[in-house]
Structure formats: structure tokens, C-alpha cells
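Laboratory data are not the source of any read-out in this text; all were calculated from the coordinates shown. Quick caveat: nothing in here was measured; it's all calculated off a predicted structure. Glycine also receives a Cβ, built like all others from the backbone with ideal geometry; neighbour counts cover every protein chain displayed.
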Amino acid sequence: MRELRPRAARIAVLVDPKWPLTERFVSQLRAAALAVGQQLEVLDVSTGREIETAFTTLIQRGTGALHVGIGAFMTSQRERIVALAARHGIPAIYTWREAVADGGLMSYAPSITDAYRQAGIYAGRILKGEKPGDLPVMLPTKFEFAINVKTAKALGLEVPDKLLALADEVIE
């Protein structure tokens, strides 16, 4: 996002405070923002109405970009959030590639294909007799970056060649 909006002084993050991993997610984002001197504004949402209010708030506060958080509620509201970001002209990065296919600007997320492959390996190990409780917890190791060039143009953003080269998927 910093490559596309280098002058954005304030970045908002939209999160569901009820999701168990939100606190850790926000903590990691705060550390990353601090490391690069970026202001981060956390907006808690757990209803559709709160999402609408959050967008009004971030527009009023002059937020330059949006990072959309994790969790089941956020995923269920993907289309609404993508539409609101487009309507308000807010560049947003998502934690699901599907948001980019729906018209969102960009995503950086674990590879679902790789996650399914890992699940298959675990299923095979269990079928061969290993106890599920003895298997280590696996975290994603493969991440994918997707960018929607059409959305970038609609937002008046020029996508640097460097970002396009880094992208695993470019949607025209």
C-alpha cells in the first residue's frame, strides 16, 4: 500500500473485535506501522451498520488507505466492504484474494491452494495412524499478492512496474 499511496499519512484498519485473533492482528499491524512511521487507526466493526459508519469516519478523518482485517464476519462482508471502498474512493488491501476478483484493489494472503495441500497431507498422516493431537500446528508458508489494475485506475492510482512484477496475480 505504501508503494501506491506513499503520502498517505493515516491508514485505517477495519477489524471485528469479536474475532479471537483480532488483538494479535492489530498488535502486529501497529508494530509494522510504528516501524515505518505510519499512523494507524483501528475501526471496530461487528455489524453491517458499523461498517457503513466506519467508512464515514475514515472519510471524515482523511484516511489515505484501508487495511481490511481477518475473521468470519469480515469475510462475510467482503462484497459490501469492496463496494464501499470503491464508492468512497479508498484504496484498500484485503486478506482474501477473492476481494480483488470482486473489484478490490489488492490482497496479500495465504495461498488457499497450499493450505488445502497441507490439509491433504495431514489427512493422509492421520489415515496412516498418526494421532491428530501429535501433529504440529501448521502456519501458512506461502502467501500470494494479487492486484486489480482496473480498480487502481478507477482510484486514480498508477501501479508501479515493481508491484506488478511482485504480484502473483494481476487482474486487468
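Kindly put V159, V13 in sequence by how many other C-beta atoms sit within 10 Å of each C-beta, fewest to most. If you can, show how the numbers build up before the last one.
Details: V159 19, V13 23.
Going from least to most buried by this count: V159, V13.
Take the alpha carbon gyration tensor of the stretch 125-172, find the square roots of its eigenvalues, order them as a ≥ b ≥ c, and report rounded if a/c is under 1.5; if not, report prolate when a/b exceeds b/c, else oblate.
prolate
Need the full-extension length gain, T141 to Q39, defined as separation in residues times 0.36 nm minus the C-alpha distance. One decimal, nm.
Here the segment from T141 to Q39 would lengthen by 33.9 nm.
Arrange the following residues from fewest to most other Cβ atoms within 10 Å of their Cβ: R30, R87. Please list the in-between numbers first.
Details: R30 14, R87 9.
Arranged by neighbour count, lowest to highest, R30, R87 become R87, R30.
Fewest to most neighbouring Cβ within 10 Å: what's the order for L166, L4?
Ranked by crowding around the Cβ, least crowded first: L166, L4.
Return the distance in nm (one decimal) between the two label points of a simple spin-label model at Q60 and S46, each offset 7 Å from Cα along Cα→Cβ.
2.2
Placing unit charges on C-beta atoms (Lys and Arg positive, Asp and Glu negative, everything else neutral), compute the dipole magnitude of the stretch 1-158 about its Cα centre in debye, rounded to 20.
I would put it at about 180 debye.
With axes computed from alpha carbons, what is the tilt in degrees of helix 22-35 against the longest principal axis of the chain, rounded to the nearest 10 within 0 to 90?
Between helix and principal axis, roughly 60 degrees.
Pull out the extension gain between I112 and R7, defined as 0.36 nm times the separation in residues minus the alpha carbon to alpha carbon distance; nm, one decimal.
34.6 nm
In nm, what is the difference between 0.36 nm times the number of residues separating E79 and K18 and their Cα-Cα distance?
Length gained between E79 and K18: 20.0 nm.
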